[in-house]
1. Hey, can you tell me all the residues within region 134-164 that are buried (at least 21 other Cβ atoms within 10 Å of the Cβ), under 14 Å from the mean Cα position of the chain (by Cα) and assigned to a helix (DSSP H, G or I)?
2. Got at least one residue in region 47-70 being out of contact with any His (no Cβ under 6 Å at 6 or more places or on another chain), among the polar types (S, T, N, Q) and within 25 Å of Gly140 (Cα to Cα)?
3. Can you name the helices (runs of 4 or more DSSP H) wholly within region 1-103 that have at least 3 residues being of a type in the set (Asp, Glu)?
Amino acid sequence: MTLELSTEAQDLLFREARTANTFTNEPVTDAEIASIYDLVKYAPTAMNTQPLRVLLIRSADARERLIKNMAEGNREKTATAPLVAVLAADTDFHDHLEKTFPHFPGARDLFLDDDARVQQARFNATLQTGYFLVGIRAAGLAAGPMGGFDRDGVDAEFFAGTGLKSLLVVNIGHPGENPWFDRLPRLDHDDVVITA
């Protein structure tokens, strides 16, 4: 093996990790989420833009407001997960570049075009959603990411009047009873890697 990570860490993050569909009722703490974020914040984004924003759904009221915007097949597992996070892109990320990209004072002005800025926000926040999922696994928790929801509805419900745009809803917790579907096949190296 040419990887630096231990076999156990590789298994935890990738080989043995799965998308969970059921969870125990053991809570996910704010400290666990803080530890996850404190790890994944170091992963790269273009110009260190860091547009990912994380809304934690903890109250019963917020959960009901989210569930009504979930696809039918995702409602029950969203209702019973210990914690649900809505991952969003901050389309006003450029307002933070003075802090995140301080060596380039004019960086904010590169993102004055709304369409280009939204595209950059979505792309880089999507990268960060992948890092966030791996961070959940690194914490010994399981993630159930879902794209089956009404994005406009979620944005209107939770992000009205802001530059936040929802990307992914993630159920988070300890795996419950029969949490996994069978592992689906993966493409092989030679199916994916091309040498020019």
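1. Scanning region 134-164 gives Gly135, Ile136.
2. yes
3. 30-40
Just so you know, all these numbers are worked out from the coordinates, no wet-lab data involved. Everything numeric here is computed off the predicted structure, so don't read it as measured data. Positions of Cβ are generated from backbone atoms using ideal geometry, with glycine treated the same way; all protein chains shown enter the neighbour counts.
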